[in-house]
Amino acid sequence: MTTVVKSRGTVTIDVESCKGCELCIPACPPAVLTMSAPVNKRGYHYPELHPGCTGCAACLMVCPDYCFEVFRFQTPVEHEVPS
Amino acid sequence: MSTIPLGPVLDTAHAPGDGARVVEPKTPALLLTNHHHLCPGCGEPLAIRAIAEAIEDLGLVDTAVCALGIGCYTSFGSTVDIDLVQCLHGRAPSVATGVKRMLPDATVFTLQGDGDMVNEGLQEVLHTAARGESLTAVLVNNGVFGETGGHMTATSVLGQRTKNTIEGRDAEYHGYPILIGDLIAQLEGAAYVARGSVHNAGAVARTTKMVRRAFETQRRREGFSFVEILTMCPTGWFIPTGEGPDYLASTLGEVHIMGELKADGQIRTTEELHAENVRKAAELEAQLARGGLED
Ligand code: SF4
Ligand code: SF4
Ligand code: SF4
């Protein structure tokens, strides 16, 4: 079974600047950010984005290390996701 | 929390091409780099971002001068593109007074922590406010001396565990916290007094507006303006970074109440602030559920 998940927005993440504080994870209303298994050069886990971003910018507002930039698509992008 | 099934990890190393636009707020150009020395989960970089955003939004980049106190935030002196004077502990409001009187068209603000402002130099900020100096004082308040290891400050709340109040701050032994925003609001010379926080996205957005209103108050030469910003210090609080926001809301945030304490000549009561905070929290939740803080 698959479901279609729409992304109205997306983000860029400056992974090497991340200090792994995890403040962005609960800040994301649709909960589409999770922490990575691998670590960056400084040894910190960092957030990864899954389909479903709304472009709300909550992650950007709470990140102390200014890692995010947020974008909105003119037309939402659809992803087939196993459910 | 959502029930969206988690799909694959998407590319976040590259900006999307055509058909996408950048969402405000962009990271302010005044922040020269995102490499800074503050701890993981520290709230001070968020306060600094709010100040930089307000300065850019109001077109004050060329006139802004900062009188900088001493604390962890001081390390931003070399990575924020704002003219600044480094001050001794607690003396920033007096230095800012001198700068403002010599350069009346400059937008002068102090940036101080609670240790700097409320312990080391309390009289400086009170007299500056009482004189009604047309400048803005910004306090980043985390209730501890973060830079020197997490000791109690004058703003630590009762029951708060710090390095020298291991059993929690006890009124009988350590005295009561000073609610500096509330104190300044009572002074005739203070025209605008607000208390923000950076413990969630809505609070950050609200705080940025407060800083903007404070600078506008200064530009209109209405008197002294003051913005206190509650910030996380997971290192000084000895808690995991992820617990910082809730800890802030349930300790400092319960005593140092967020909101505009004095605006348009009106002093607001704690009850009024509480009611407004409940309403704002509900609004924020609805706004985020609709998918954005921007509109
Ligand atoms: S922009 Fe909003 S929805 Fe997208 S990742 Fe950030 S917090 Fe989540
Ligand atoms: S909030 Fe920023 S620094 Fe913290 S984990 Fe997320 S991206 Fe990394
Ligand atoms: S000690 Fe506290 S205030 Fe200082 S950088 Fe670390 S978290 Fe921030």
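The values are calculated or read from the model by the stated rules, or taken from the named source; none is laboratory data. Keep in mind the model is a prediction, meaning the values are calculated, not measured. All Cβ positions, glycine included, derive from the backbone under ideal geometry; neighbour counts span all protein chains shown. When the accessible area is computed, the model is the full protein with side chains, heavy atoms only, and any ligands, DNA or RNA have been set aside. Shrake-Rupley method; radii C 1.70, N 1.55, O 1.52, S 1.80 Å.
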Just add up the charged neighbours of residue B:269: K/R +1, D/E -1, any other residue whose Cβ is under 14 Å from the Cβ of residue B:269. -2
Taking K and R as +1 and D and E as -1, what net charge do the other residues with C-beta under 13 Å from the C-beta of residue B:251 add up to? -1
Can you show me the helix-derived [θ] at 222 nm for the protein assembly as shown, built from DSSP H runs with n ≥ 4 at -39,500 (n - 2.57) apiece and divided by the number of residues, rounded to the nearest 500. -8000 deg cm²/dmol
First check a/c for region B:97-186, with a ≥ b ≥ c the square roots of the eigenvalues of its C-alpha gyration tensor; if it is under 1.5, answer rounded, and if not, answer prolate when a/b is larger than b/c or oblate otherwise. prolate
Collect residues whose amide H, placed 1.01 Å from N in the peptide plane, falls under 5 Å from the amide H of residue B:84; neighbours closer than 5 in sequence don't count. B:66
Around residue A:53, which amide H atoms from residues at least 5 apart in sequence, or from another chain, sit under 5 Å from its own amide H, with H modelled in the peptide plane? A:8, A:9
Within region A:59-83: backbone nitrogen closer than 16 Å to the residue A:4 label point (7 Å, Cα to C-beta): A:75-83
How much net charge surrounds residue A:5 when only other residues with a Cβ under 10 Å from its Cβ are counted (Lys, Arg +1; Asp, Glu -1)? -1
For region B:44-268, with every protein chain kept in place, what is the accessible area per residue (1.4 Å probe, Å²)? 38
Label point distance in nm, residue B:280-residue B:131, each placed 7 Å from Cα along Cα→Cβ: 3.1
Lysine pairs meeting the criterion (Cα under 19 Å, 8 or more apart or interchain), as found in the protein assembly as shown: 5
Excluding ligands and nucleic acids, what accessible area in Å² is computed for residue B:62 using a 1.4 Å probe, to the nearest 10? 150
Interatomic Cα distance distribution for the protein assembly as shown, bins of 10 angstrom, percent: 5, 24, 32, 24, 11, 3, 0, 0
Just check region B:139-295 against the gyration tensor rule for me: Cα atoms, a ≥ b ≥ c as the square roots of the eigenvalues, rounded for a/c under 1.5, and otherwise prolate or oblate depending on whether a/b exceeds b/c. oblate
Determine ³J(HN,Hα), in whole Hz, for all residues of region B:238-247 in sequence, where each value follows from phi through the Karplus function 6.51 cos²θ - 1.76 cosθ + 1.60 and θ = phi - 60°; x replaces Gly and Pro. 6, 10, x, 4, x, 8, x, x, 5, 4
Just report the Cα centroid separation between region B:211-269 and region A:18-83, whole Å. 27
For residue B:26 paired with residue A:25, estimate the spin-label separation in nm (one decimal), with each label point 7 Å from Cα along the Cα-to-Cβ line. 3.2
Tell me the total accessible area that B and A bury against each other, 1.4 angstrom probe, in square angstrom rounded to 100. 4100
With all protein chains present, calculate the accessible area of residue A:46 using a 1.4 Å probe and round the result to the nearest 10 Å². 40
Restricted to chain B, the DSSP antiparallel beta bridge percent, nearest 5, is 25
Binning at 5 Å from 0, report for chain B what percent of all alpha-carbon pair distances ends up in each bin. 1, 5, 12, 16, 19, 17, 13, 8, 5, 3, 1, 0, 0
